[in-house]
Amino acid sequence: SSSEHKLNFKKSKEACLSYIQDALLQKQWKRAAEFLTCYVESLEKDYSREHIGPSEMIWRIGTEILCHHSQSSMKEFNCFMEQMKTLGVKRYLKVCLEHVFHLLCNGQIDEAYQNLSLAESWRFGEQTAIQDKEMKLIQAYRGLLDYYSWFKQKNILLEHSEDGFSDLAVEQEMHGYFRKAAVNLKEIIKIPGVWDIFVKCYVDLLEFYGDHNEARKVLNEYAYNSKFPANPNAHVYLYQFLKRQGESKKSLISALKILHDIVPSHELMIDFNTMLQKSKKRKKRRLGLEVIFAALDYAGWKENAKAWSCLARQVKQIVISEKHLDWIKQEWSSRKDWWPAFHFSRYLAKRNWQENKSLSYEKALVAGILLGKGCKYFKYVSHRGCKAQLERFQMLKKFVNRHNPVYLRISG
Amino acid sequence: RDFNERCAQCSEVNWGLTDGGRFYCRSCHNVTERTREVVNTDFITNSRVQTISKGLRKQEQNDGGTEWYVCEGFQLVLKKQVEALEALGVCPQMKDEILCNFWRRYLQKSKQAYCKRPAGEAVKALSVCESSTDVDSDPERPSLLHLLSLSESEGDLQTDCSFASSVSKVSESTSVYSGSVDGSLYLRKNQKEKLSMTMPMTLSFCYMALLWVREPITLSELLRYVVEGHIPYLNVFQHFPEKMKLCGLDLKIFCVESWPVYEEVFNKMHELAAFLDLPRFPAITESCFLHPDMLCMKYLMEANLPDELHNWTCRVVKKIGIGEVDFLTLTPGNKSTRKVKYDVLAAAVIVVVLKLLFLLDDHYEWLLSELAEERNKNNTEGGPYFEFKKWYEVVKHSLDVEQKKLDEERAKYLWRCEKPLFYSAKNKSKVLKRRQMVVNLQNQFGKLSGSVQRAEKPNPSSFQLSWSEENTDGSCFHGHSLKGILQEKCGLLTAMNPDYWLCTVKLCNEKLCGHLAHYREVEFPQSYHFVLGLFSFLLRIQPSYIHDEVCMIEHKLFNKKLYKKLKYNTVLRK
């Protein structure tokens with residue numbers, strides 16, 4: 001505080017840090033640099049009891065400044081990072097990793113690769129064992145860059161084969177990268193974690209070389225091993241793989257089931273519903289209805305004509321067959337209080353009609369069935385549609401009129 | 001006996017003495033190089049005496065250093081400081097006559113603590129001191145040590161035994177290790193008789209010398225110059241000669257990592273003056289800079305207050321007798337008189353005068369200001385009438401600006417210097433590496449600081465705030481008249497304010513709790529707090545110290561009334 005006229009080293013540096021913090025928050029990079037210049041002499045003092053020491057502070061603050069300062073360059077950044085690596089042996093690999101990330105973000109792939117290789121060869125007594133996790137990450141990212149090289153080689157190879165000549169050298173290189181990449185990628189995905197990019201790349205490699213069994217194992221592990229954190233993408237990757245493999249609908253459906261549980265608003269819900277609707281099993285069709293209703297609960301789906309068409313198709317089919325109206329009733333009971341305002345307001349009717357006639361058609365069908373022919377949405381759209389003498393709207397009107405009693409039974 | 005090392009050959013501890021005075025192992029007859037005198041319990045004092053009396057002095061140690069004693073280091077520090085003061089304009093006698101003599105006296109007095117000395121020897125020592133002329137020049141000359149050797153005889157057994165217990169515990173570990181010969185000794189706890197030197201105490205020496213010569217530098221100014229870097233203090237060891245190696249415990253003694261504290265330097269100075277048995281200091285009379293009348297004038301100017309207030313401050317000073325020579329002049333060892341903080345006292349007088357005229361109860365001063373404003377409208381005389389409100393706005397603005405600058409400077413303060421320090425040879429390379437890294441980072445980020453370069457040390461200035469009468473924006477209040485807030489009574493101008501509130505009805509016992517009163521911002525009016533804050537900034541001390549002096553002055557001023565009206569509330573009528 002200002003009335004405190006005493007000052008010692010520690011208080012002075014604490015004050016310095018708070019000025020740096022203010023400057024960073026206000027994006028005043030020059031000012032932050034100015035105060036950091038004064039802070040760095042903290043390195044010469046022992047802070048071993050503090051939770052975060054000055055070397056870590058300087059690393060993080062310095063990185064922030066160098067990222068944003070207009071006069072900073074990659075060269076300066078690299079020079080700084082090299083110094084930071086020597087500062088704290090306990091953080092060495094972490095600093096290396098972050099350095100690599102920055103290089104990658106700046107498109108310096110080769111430098112990143114060099115740094116990764118260098119870091120991989122680092123040994124420092126018991127620290128090597130302690131920093132084992134970081135080491136695995138480093139190896140994983142190197143594997144990733146090897147994959148990237150493999151990918152490039154693969155494309156060259158394909159190009160050449162199209163042109164009619166084979167290129168052994170390129171092929172050899174490609175295989176070499178594959179081996180290097182596979183080894184590292186395989187290791188990291190054994191550890192529970194979120195490794196989307198590593199998994200994708202690894203599976204890509206396995207598929208290319210025809211090892212589908214391994215790929216399947218990997219994906220199953222990733223999706224179903226409870227030690228791994230719940231990850232919707234795991235299921236997506238598995239599903240996509242199974243689809244590529246031409247698996248049965250049954251296995252595809254089971255892959256997507258969990259996805260529906262975790263992320264009911266996932267874009268794959270349309271595929272899911274489509275498959276379920278066509279199923280011969282009653283339970284599956286029932287699930288399909290549940291899935292599509294659940295998806296449309298989300299604001300992001302409001303204008304998705306495909307989703308509405310799925311719902312419309314299934315609702316129409318149920319109404320025509322006159323079987324399982326109770327399914328609709330069940331789904332509707334928790335939604336009848338808020339879906340009308342959410343989806344079927346007069347304002348939306350107007351807007352949907354103006355912007356997307358197909359959307360309004362599908363929605364009108366659903367609205368007509370669920371809310372009856374007297375509902376605002378249906379009336380507006382069908383009126384406009386008939387006026388414009390569009391055939392399908394005329395058909396729609398007839399259909400809803402014919403099945404109007406259904407709505408009474410549903411809303412009952 | 002006291003030699004407890006294990007024999008190198010047979011690992012036994014069974015020693016005897018050869019004729020040549022060397023230790024030999026009785027079990028295996030291995031003769032060592034260790035001689036008795038080295039292992040003697042009095043080894044520190046005796047070895048010093050012996051090496052000196054033999055004229056031996058290890059000139060070169062393995063790292064190119066020489067032996068040096070802690071007090072030599074301090075002597076160098078003082079030398080540098082007094083040279084800096086000279087550069088600031090202090091009279092040259094301060095170095096050659098005053099400070100030098102104080103220091104010599106200190107050396108004598110402090111060495112008395114651990115040696116028995118017959119009276120005759122003491123006299124001899126003094127005469128030697130007077131004849132040697134180069135005590136404070138090159139410390140490597142044996143002249144200083146010559147002095148010491150003459151004043152020492154066999155060590156006081158009592159103290160040496162306690163030395164011995166600590167010495168024998170000394171192993172080869174670096175914990176009691178120092179570049180100086182007696183570094184570890186210096187830091188021992190029971191130094192009561194000795195009053196051992198510390199870095200803050202060097203400033204006490206300087207202040208004491210300044211006071212003796214009655215130089216126009218107050219203690220708060222001195223300390224401000226130190227913080228601003230005009231007087232060597234922080235990192236002064238970088239001026240030590242190459243051969244004086246600092247390491248180990250020396251760091252604890254000579255490294256400073258906090259700004260000097262007024263109270264500490266002040267109290268130590270008085271302790272020192274008593275310790276040195278100094279006589280009464282040269283008289284502080286009305287013409288002295290340190291006299292409250294003079295200091296009040298300076299502070300009034302710096303606070304941008306009207307010159308006319310000076311009449312009032314002089315009246316207060318006179319009324320309570322704090323302008324008397326006896327009150328102001330320091331008599332060391334006199335425990336009954338309160339020690340005078342000249343700068344704080346003067347500031348407190350001004351605060352009291354402001355309270356007398358403006359009351360400062362967050363109400364009256366603003367009313368008075370409005371009145372003055374009214375009067376100013378019809379003011380046809382020379383200068384404008386002083387309006388508290390205008391003054392407050394101008395001064396607060398400047399104060400805020402300066403305070404903000406000061407706060408930033410505190411955050412940017414650099415504590416280390418190019419000469420790195422290492423505790424021992426073991427961590428030397430680490431320290432050097434770190435230093436190099438710090439320099440690299442400073443360069444890298446210094447460039448990114450843009451055009452904002454670290455400003456050169458500003459020239460030392462006695463005034464921190466300055467106001468110019470030439471400014472046409474009316475921001476200088478020196479020439480303003482107090483007539484706007486005074487009334488005529490019986491041909492005299494008196495204050496319109498009939499009231500006064502005491503900061504405290506009862507003073508604390510300073511000796512028990514360290515303060516005369518306890519200042520808490522929330523308990524006092526904002527205007528009072530502002531005024532305290534202003535002087536707190538100028539003097540770089542806590543507002544509570546000024547508050548203490550204000551209480552003291554008030555109690556002297558209203559002495560009679562206080563005794564009469566102890567029962568009543570704090571608002572008294574003048």
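The values are calculated or read from the model by the stated rules, or taken from the named source; none is laboratory data. Computed from a predicted model, the values in this text were never measured in an experiment. Note that each Cβ is placed from the backbone with ideal geometry, even for glycine, and that neighbours are counted across all protein chains shown. For the accessible areas, the whole protein counts, side chains as well, though only heavy atoms, and no ligand, DNA or RNA atoms are used. Shrake-Rupley method; radii C 1.70, N 1.55, O 1.52, S 1.80 Å.
Observations
- Across region B:413-435, the qualifying residues are those that are touching a residue at least 40 places away in the same chain (Cβ under 8 Å) and outside any loop (DSSP other than H, G, I, E, B), and the one among them that is farthest from the other protein chains (Cβ to nearest Cβ) is B:Ala425.
- Those helices (runs of 4 or more DSSP H) of region A:198-275 in which at least 2 residues are among the aromatic types (Phe, Trp, Tyr) and closer than 27 Å to A:Lys306 by Cβ, considering only elements entirely within it, cover A:232-245.
- When A:Glu331 is tested against (1) surrounded by fewer than 18 Cβ atoms within 10 Å (Cβ to Cβ); (2) at pLDDT below 95; (3) not basic (Lys, Arg), just one condition goes unmet, and that condition is (1).
- Taken over region A:66-81, residues that are surrounded by 13 or more Cβ atoms within 10 Å (Cβ to Cβ) and within 11 Å of chain B (Cβ to nearest Cβ) amount to 7.
- Among residues of region B:253-264 that are at the interface with another protein chain (Cβ under 7 Å from one of its Cβ atoms), those with a Cβ under 8 angstrom from a residue that is buried (at least 17 other Cβ atoms within 10 Å of the Cβ) and of a type in the set (A, V, I, L, M), sequence gap 6+ or separate chain, pair up as B:Ser258/A:Leu7; B:Trp259/A:Leu7; B:Trp259/B:Leu223; B:Trp259/B:Val226; B:Trp259/B:Val227.
- When the criteria are applied in full, A:Val89 fails the requirement of being within 11 Å of another protein chain (Cβ to nearest Cβ) and either among the aliphatic types (A, V, I, L, M) or open to solvent by 10 Å² or more (accessible area, probe 1.4 Å) (or both).
- Within region B:505-526, none of the residues are within 14 Å of chain A (Cβ to nearest Cβ), on the phi > 0 side of the Ramachandran plot, at pLDDT 90 or above and open to solvent by 10 Å² or more (accessible area, probe 1.4 Å).
- The sole residue among B:Leu300, B:Leu295 that is open to solvent by less than 10 Å² (accessible area, probe 1.4 Å), in a helix (DSSP H, G or I) and over 14 Å from B:Thr218 (Cα atoms) is B:Leu300.
- Residue match in region A:35-46 (condition: under 22 Å from B:Trp259 (Cβ atoms), at pLDDT 95 or above and aliphatic (A, V, I, L, M)): no
- The residues on offer are B:Ser527, B:Ser449, B:Ser468, B:Ser461, and the sole one that is part of a loop (DSSP other than H, G, I, E, B), more than 30 Å from B:Pro260 (Cβ to Cβ) and among the hydroxyl-bearing types (Ser, Thr, Tyr) is B:Ser468.
- Answer residue from region A:368-392, given it is under 18 Å from A:Trp338 (Cα atoms) and not in a helix (DSSP H, G or I) and is most open to solvent (accessible area, probe 1.4 Å) among those: A:Gly374
- Some residue of region B:396-404 being without any contact (Cβ under 8 Å) to a residue 24 or more places away in the chain, over 24 Å from A:Lys13 (Cβ atoms), away from every other protein chain (no Cβ under 13 Å) and open to solvent by 70 Å² or more (accessible area, probe 1.4 Å): yes
- Screening the candidates B:Leu367, B:Leu356, B:Leu360, B:Leu371 for the property of being assigned to a helix (DSSP H, G or I), surrounded by 18 or more Cβ atoms within 10 Å (Cβ to Cβ) and in the same structural domain as B:Arg315 (by the TED database) yields one hit, B:Leu356.
- Residue in region A:43-65 that is buried (at least 19 other Cβ atoms within 10 Å of the Cβ), under 30 Å from B:Ser536 (Cα atoms), facing chain B (nearest Cβ under 10 Å) and touching a Pro at 6+ places or on another chain (Cβ under 9 Å) present: no
- Here is the figure for region A:109-129: residues that are in a helix (DSSP H, G or I) and at pLDDT 90 or above total 12.
- Top-ranked residue in region B:238-284 [being touching a Ser or Thr at 6+ places or on another chain (Cβ under 8 Å), within 25 Å of B:Trp212 (Cβ to Cβ) and among the β-branched types (Val, Ile, Thr); ranked as surrounded by the fewest Cβ atoms within 10 Å (Cβ to Cβ)]: B:Val265
- Residue that is nearest to the other protein chains (Cβ to nearest Cβ), among those in region A:1-25 that are open to solvent by 10 Å² or more (accessible area, probe 1.4 Å), without any contact (Cβ under 8 Å) to a residue 40 or more places away in the chain and more than 20 Å from B:Asp400 (Cβ to Cβ): A:Asn8
- Some residue of region B:340-349 being out of contact with any helix residue (DSSP H, G or I) (no Cβ under 7 Å at 6 or more places or on another chain) and either within 13 Å of chain A (Cβ to nearest Cβ) or not small (Gly, Ala, Ser) (or both): no
- Taking (1) surrounded by 13 or more Cβ atoms within 10 Å (Cβ to Cβ); (2) at pLDDT 90 or above; (3) more than 14 Å from chain B (Cβ to nearest Cβ) in turn, A:Phe101 satisfies each apart from (1).
- Condition check for A:Phe241: in contact with an Asp or Glu (Cβ under 9 Å, 6 or more places away or on another chain), of a type in the set (A, V, I, L, M, F, W, C) and exposed (fewer than 15 other Cβ atoms within 10 Å of the Cβ): no
- Of the residues screened, B:Ser369 is not one that is without any contact (Cβ under 8 Å) to a residue 12 or more places away in the chain and of a type outside the set (Lys, Arg).
- Single unsatisfied condition, B:Asn379 versus (1) closer than 16 Å to B:Tyr528 by Cβ; (2) outside any helix (DSSP H, G or I); (3) open to solvent by less than 40 Å² (accessible area, probe 1.4 Å): (1)
- Only a single criterion out of (1) among the hydrophobic types (A, V, I, L, M, F, W, C); (2) under 30 Å from B:Leu249 (Cα atoms); (3) buried (at least 16 other Cβ atoms within 10 Å of the Cβ); (4) in contact (Cβ under 8 Å) with a residue 60 or more places away in the chain is not satisfied by B:Val438, namely (4).
- Within region B:232-250, being over 15 Å from A:Glu41 (Cβ atoms) and at pLDDT 85 or above holds for B:Pro232, B:Tyr233, B:Val236, B:Phe237, B:His239, B:Phe240, B:Pro241.
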